[in-house]
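As structure tokens, the structure follows; a few thoughts come after it.
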Amino acid sequence: MLAVDQERKHGALIIVDPRNPPARFECKLVPLVRVHGRLRVATTGQPVRASSVFVNLPMNEDIPLGHDRLIMCDSAKSRFEFWLPPGDYEFEANGTDAPLVESGPAFELTESHPIRLTSGQRELDCGVFDLRPKLLNELFEVKKAGTWRPYTQRYAQPCPKWHVIDARGMPKNSQPSDLRGKWVLLYFWGFGCGPCLEITLPKLSKFYEAHKTQRDRFELVSICMVEQNTRTMADLDRVLKPIVKMVWGGKELPFPVLLDNTTKSMESFGVESSGVTILIDPSGRLVQGDEARLAAILKKQTENGSSSRP
């Protein structure tokens, strides 16, 4: 909790463990520190037309999905300013070359910028933050060219290929055609998607284990969309380590995980965000549905004693 007085000159940061919150607490307001800086596009050195800068708390590995965002500053002048109490913080920033009412190429702060504000400090000039093109800019260009087709318009059509740089649970050169004859539940996720990590992936893990006797009829494949500096499963494991420990009960995902640090898989399937589930029938065609529909199909096949073929 961030407490600030009416004049916004004094304040305090109170961090409470949500697992054991106190019934009552007090805080002493202290002088705030003026924190400011500027933004520019790294590739051109030019300012962005619209930007948002966020101040976050450093990640707590004991609460990896905790709400760490404190405050934000929107600007049309490529600058930011905050008044913060002493403490440790991290910045998150993004911007665009288009006005706020339009969509255009997006940029983001790709490197961590931690700061420490001390008691008695009055000001911190953060200098210039370099924003780099977002990976999803490639999807923007595809849409701009008029060649984008969302997955909801691809039902009954052959499954496209995915792009994989590393994999666990299946060879990284595998393609959907290698799973022909089985139902395939395909899930797109990213480690920046809180609901994916906290809700959907644990639910899919339970589904996969609950139907382990029917895996000759289906496969569950997840595509993790990551940043360009993530190239191997070992890189992904380092990021997910606190999630595995504190959210997934120490258990790795039981189904295959494919890694893609480009937008090629998203373009192929017509997916533009994390948290998308796509169902592929045994003939290799996209169909509407999720794990609930797949569960009903598997149940019916078991009752009828039928094969996995439609």
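The values are calculated or read from the model by the stated rules, or taken from the named source; none is laboratory data. In this text, all values refer to a predicted model and were calculated from it rather than measured experimentally. Glycine gets a Cβ as well: all are built from the backbone with ideal geometry, and neighbour counts include every protein chain shown. Accessible surface is based on the protein model in full, side chains and every heavy atom, while ligands, DNA and RNA are left aside. Shrake-Rupley method; radii C 1.70, N 1.55, O 1.52, S 1.80 Å.
Observations on the model:
- Any chance Ser274 is of a type in the set (Gly, Ala, Ser) and buried (at least 16 other Cβ atoms within 10 Å of the Cβ): yes
- Within segment 82-107, tally of residues that are modelled with pLDDT of 90 or more and either surrounded by fewer than 17 Cβ atoms within 10 Å (Cβ to Cβ) or under 23 Å from Val4 (Cβ atoms) (or both): 12
- For segment 112-186, the strands (runs of 3 or more DSSP E) that sit wholly inside it and include 3 or more residues that are open to solvent by less than 30 Å² (accessible area, probe 1.4 Å) are 123-133.
- Unique residue being over 21 Å from Glu227 (Cα atoms), touching a Pro at 6+ places or on another chain (Cβ under 7 Å) and of a type outside the set (Ser, Thr, Tyr) when the list is Val128, Val184: Val184
- If the condition is being of a type in the set (A, V, I, L, M, F, W, C), free of Cβ contacts under 8 Å to residues at least 40 places away in the same chain and surrounded by fewer than 18 Cβ atoms within 10 Å (Cβ to Cβ), then segment 40-81 contributes Met72, Cys73, Ala76.
- Every pair of residues 6+ apart whose Cβ atoms lie under 8 Å, when the first sits in segment 1-18 and is of a type outside the set (A, V, I, L, M, F, W, C) while the second is in a loop (DSSP other than H, G, I, E, B) and at pLDDT below 90: Asp17/Ile63; Pro18/Ile63; Pro18/Gly66
- Residue check for Glu219: of a type in the set (Asp, Glu) and at pLDDT 95 or above: yes
- Of the strands (runs of 3 or more DSSP E) contained entirely in segment 204-310, not one carries at least 3 residues that are of a type outside the set (Ser, Thr, Tyr) and out of contact with any strand residue (DSSP E or B) (no Cβ under 6 Å at 6 or more places or on another chain).
- Within segment 192-206, the set of residues being buried (at least 18 other Cβ atoms within 10 Å of the Cβ) and touching a helix residue (DSSP H, G or I) at 6+ places or on another chain (Cβ under 8 Å) comprises Leu197, Leu204.
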